[in-house]
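Each remark here refers to the structure printed beneath this line.
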Amino acid sequence: MAKTISKIANSLTKNVFSYKIILDTKKRENEKQKRTGGTELETKRLTRGAGILLAITSLPSSYGIGTLGEAAFQFIDLLVDLKQRYWQILPVGPTGFGNSPYQSYSAFAGNPYLIDLDHLMKQGLLKEEEIRSFHWGKDENGIDYAMIYENRSQVLKMAFARFDREELGFLQFQEAEQEWLEDYGLYMALKEQFGDREWQSWEIPLRDRYPEALEEYRQRLKNEILFYKFCQYEFFKQWGFLKEYAQSSGIKLIGDMPFYIGADSADVWANRELFLLNEDGTPKSVAAAPPDAFAGEGQKWGCPVYNWQRMEQDNFLWWQKRVAKQAQMCDVMRLDHFNAIVKYYTVPGEAENGKNGKWSKGPGRKFTDAVEKAAKDTKVIVENLGMKQPLPGVRKLLAKTGWAGIKVLLFAFGDDTANEHLPHNYTDSNLVVYAGTHDNDTIVGYFRDKTDYELAYLYEYLNIKYKEEIPDALIRAAYASVADVAVIQMQDLLKLGNEARMNAPSTVGNNWRWRVGTDSLSEERRAWIRTLATVYRR
């Protein structure tokens with residue numbers, strides 16, 4: 001594998017038909033389009049297969065958090081061994097308060113936490129004793145973000161001090177990514193200068209981007225800005241190695257693109273006209289979700305709302321650039337919160353929860369056309385959950401795009417045999433089916449406290465008798481379904497409880513921390529997964 005990685009690193013631096021036949025062919029194509037929904041839509045379909053959902057931060061590591069290093073390459077090897085086709089990750093942008101990958105400082109940048117320190121050591125930028133002199137946390141199954149926040153930047157600055165700033169690759173990277181990198185580098189340097197305060201509280205000339213103030217600080221913080229550019233250079237270089245290795249191994253990366261962007265981000269600061277903001281830069285209203293079965297008071301996400309009228313004037317150019325960047329990084333992109341394209345929900349910025357919000361019309365087909373234009377050949381999955389019944393127009397718009405929607409088996413077993421998440425109700429195979437997602441309990445955790453009476457229908461449906469059988473039976477049901485792709489969380493393959501849950505929406509403090517640690521799949525477990533993939537043509 002080391003030779004393969006080295007090879008990847010080196011490669012990265014360096015007839016007339018008759019009129020009748022034409023008519024007959026066209027007739028057959030029209031008939032096929034009627035049956036399949038159109039040849040153009042067919043090209044957007046995902047190859048039938050299975051995959052595993054695992055955040056890069058959840059990989060094992062000696063330095064407190066998963067990275068783009070050796071463990072990531074080993075996980076790709078594991079996917080190959082298990083006869084998988086896909087690796088679904090969570091967003092990889094730089095995280096802020098709460099450490100949520102869905103509240104990033106940038107829609108374009110990568111998370112410096114994911115930079116592999118061993119790779120920097122091999123470049124001669126770090127020494128092993130320097131890395132080992134820092135504490136990275138004691139819990140191999142969790143991430144101590146406070147410690148990572150304190151120490152990671154110090155280590156990366158040691159590497160930067162030894163880095164050749166005139167390196168050709170670095171100069172080329174800065175030129176190629178200048179459009180977003182310049183604002184991001186300055187924004188991060190200013191945040192550091194002002195004690196990590198949000199940009200809305202900066203002095204007015206910087207908050208409101210007076211040209212003379214920006215130029216003054218570009219000169220004053222020149223070294224700091226260059227450091228943040230260096231971090232992005234190393235991140236994307238390492239990402240390139242990993243993607244190339246995945247492709248050479250036959251594994252497709254499913255990237256996750258949040259719909260909204262954090263209020264305290266380089267994007268909002270540098271593009272205020274694209275968002276509905278007050279004069280001081282604070283959001284007029286914020287994105288939210290109404291009360292439902294999973295959050296009785298709804299959810300207040302705190303992200304600013306897009307100025308869709310302004311975005312439409314340039315055909316959603318900012319979004320097109322964002323999508324193009326995601327398409328460059330991954331083989332398949334998952335677009336979060338698809339419902340908001342049709343209709344989105346907001347609450348006042350000062351609201352305590354997601355109650356008493358209002359609905360507004362989304363950008364609709366014009367937006368999805370722009371996304372499709374930017375995505376080119378990259379396949380798209382959309383997260384179309386969040387309501388008991390789909391919003392009017394969501395199914396219609398999804399059908400027009402030809403993109404894959406999703407189903408979640410944890411939502412399937414209520415008291416309604418017509419539940420759309422039950423496999424026998426799937427009317428189309430252009431789907432990705434999950435046992436559960438990063439926002440749900442694990443399978444073990446979800447069913448742990450349910451009574452046999454509550455589980456009677458599930459037992460009958462899955463043809464099992466005991467609670468202990470549920471995880472494997474649910475995974476088998478996903479694999480056996482007509483859905484083009486079945487994705488299972490690593491936690492569920494390991495049969496872990498809610499101690500391994502990734503995120504509990506509307507809570508802060510204990511999310512996004514789980515890591516694989518020393519938990520591993522036994523050979524018997526591996527053989528079982530391989531068999532499922534073979535039996536169900538995954």
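Take the conditions in contact with a helix residue (DSSP H, G or I) (Cβ under 6 Å, 6 or more places away or on another chain) and of a type in the set (K, R) and apply them to K229. Does it pass? Give the steps one after another, and end with the answer.
Working: in contact with a helix residue (DSSP H, G or I) (Cβ under 6 Å, 6 or more places away or on another chain): yes; of a type in the set (K, R): yes.
For K229, the condition - in contact with a helix residue (DSSP H, G or I) (Cβ under 6 Å, 6 or more places away or on another chain) and of a type in the set (K, R) - is met.
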Next item on the list: Check whether at least one residue in region 309-317 is assigned to a helix (DSSP H, G or I) and closer than 14 Å to M257 by Cα, and report yes or no.
Entry: no
Margin query: Among the numbered criteria (1) touching a helix residue (DSSP H, G or I) at 6+ places or on another chain (Cβ under 6 Å); (2) open to solvent by 20 Å² or more (accessible area, probe 1.4 Å); (3) not basic (K, R), which one does L78 miss?
Written below: (1)
Notebook entry, point to check: Looking at (1) over 28 Å from the mean Cα position of the chain (by Cα); (2) open to solvent by 80 Å² or more (accessible area, probe 1.4 Å); (3) of a type in the set (D, E, K, R), can you tell me which one E150 breaks?
Noted result: (1)
Next item on the list: For residues that are open to solvent by 20 Å² or more (accessible area, probe 1.4 Å) and part of a helix (DSSP H, G or I), tally how many sit in region 464-476.
Entry: 5
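Residue by residue, here is whether (1) more than 19 Å from the chain's Cα centre (by Cα); (2) basic (K, R) holds:
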residue: R220; (1), (2): yes, yes
residue: K229; (1), (2): yes, yes
residue: S248; (1), (2): yes, no
residue: Y260; (1), (2): no, no
residue: V268; (1), (2): yes, no
Note to self: Suppose we filter V487, V433, V482 for residues that are open to solvent by 30 Å² or more (accessible area, probe 1.4 Å), in contact with a Leu (Cβ under 9 Å, 6 or more places away or on another chain) and aliphatic (A, V, I, L, M); which single one remains?
What the structure shows: V482
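Just one of S104, S201 is of a type in the set (S, T, Y) and within 27 Å of the chain's Cα centre (by Cα); which is it?
Numbers: S201 fails: within 27 Å of the chain's Cα centre (by Cα).
It is S104.
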Margin query: So, in region 119-139, how many residues would count as being over 18 Å from G66 (Cβ atoms), open to solvent by 60 Å² or more (accessible area, probe 1.4 Å) and part of a loop (DSSP other than H, G, I, E, B)?
Written below: 3
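In region 370-383, which residues are assigned to a loop (DSSP other than H, G, I, E, B), surrounded by 15 or more Cβ atoms within 10 Å (Cβ to Cβ) and among the acidic types (D, E)? Talk me through it step by step, then tell me what you get.
In the first step, residues of region 370-383 are kept if they are assigned to a loop (DSSP other than H, G, I, E, B); the result is 376-378, 383.
Subsequent filtering for residues that are surrounded by 15 or more Cβ atoms within 10 Å (Cβ to Cβ) retains 378, 383.
Selection gives E383 alone.
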Notebook entry, point to check: Quick one: how many residues across region 418-436 are at pLDDT 95 or above, outside any helix (DSSP H, G or I) and over 24 Å from P290 (Cβ atoms)?
Noted result: 8
Check: Quick check, is E192 open to solvent by 70 Å² or more (accessible area, probe 1.4 Å), closer than 30 Å to G64 by Cα and of a type in the set (D, E)?
Finding: yes
Notebook entry, point to check: Being β-branched (V, I, T), under 20 Å from the mean Cα position of the chain (by Cα) and at negative phi, is that true of even one residue in region 439-453?
Noted result: yes
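Within region 497-515, can you find the residues that are more than 20 Å from P91 (Cα to Cα) and touching a strand residue (DSSP E or B) at 6+ places or on another chain (Cβ under 9 Å)? Break it down into steps so the answer makes sense when it comes.
Step one: filter region 497-515 for residues more than 20 Å from P91 (Cα to Cα), giving 497-499.
Correct list: empty.
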Note to self: Considering only residues that are of a type in the set (A, V, I, L, M, F, W, C), more than 19 Å from D377 (Cα to Cα) and assigned to a loop (DSSP other than H, G, I, E, B), which ones fall in region 318-344?
What the structure shows: F338
Margin query: Quick check on my filter: what residues within region 278-317 are polar (S, T, N, Q) and crowded, with 16+ Cβ neighbours inside 10 Å?
Written below: S285, Q299, N307
Note to self: Considering only residues that are open to solvent by 30 Å² or more (accessible area, probe 1.4 Å) and of a type in the set (F, W, Y), which ones fall in region 318-369?
What the structure shows: W359
Next item on the list: Give region 258-273 a look and list any residue that's more than 15 Å from D208 (Cβ to Cβ), out of contact with any strand residue (DSSP E or B) (no Cβ under 6 Å at 6 or more places or on another chain) and either among the acidic types (D, E) or open to solvent by 10 Å² or more (accessible area, probe 1.4 Å) (or both), or say none.
Entry: P258, D264, D267
Notebook entry, point to check: Would region 200-208 turn up any residue that is open to solvent by 80 Å² or more (accessible area, probe 1.4 Å) and in a helix (DSSP H, G or I)?
Noted result: yes
Checklist line | Hits in region 219-232 (condition: open to solvent by 20 Å² or more (accessible area, probe 1.4 Å) and within 13 Å of L171 (Cβ to Cβ)) | finding: L226
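The values are calculated or read from the model by the stated rules, or taken from the named source; none is laboratory data. Note that the coordinates shown come from a computational prediction; the quantities given were computed from them, not determined experimentally. In this analysis, Cβ positions are derived from the backbone assuming ideal geometry, glycine residues included, and neighbour counts consider all displayed protein chains. Remember, those area values only see protein heavy atoms, side chains included, never the ligands or the DNA or RNA. Shrake-Rupley method; radii C 1.70, N 1.55, O 1.52, S 1.80 Å.
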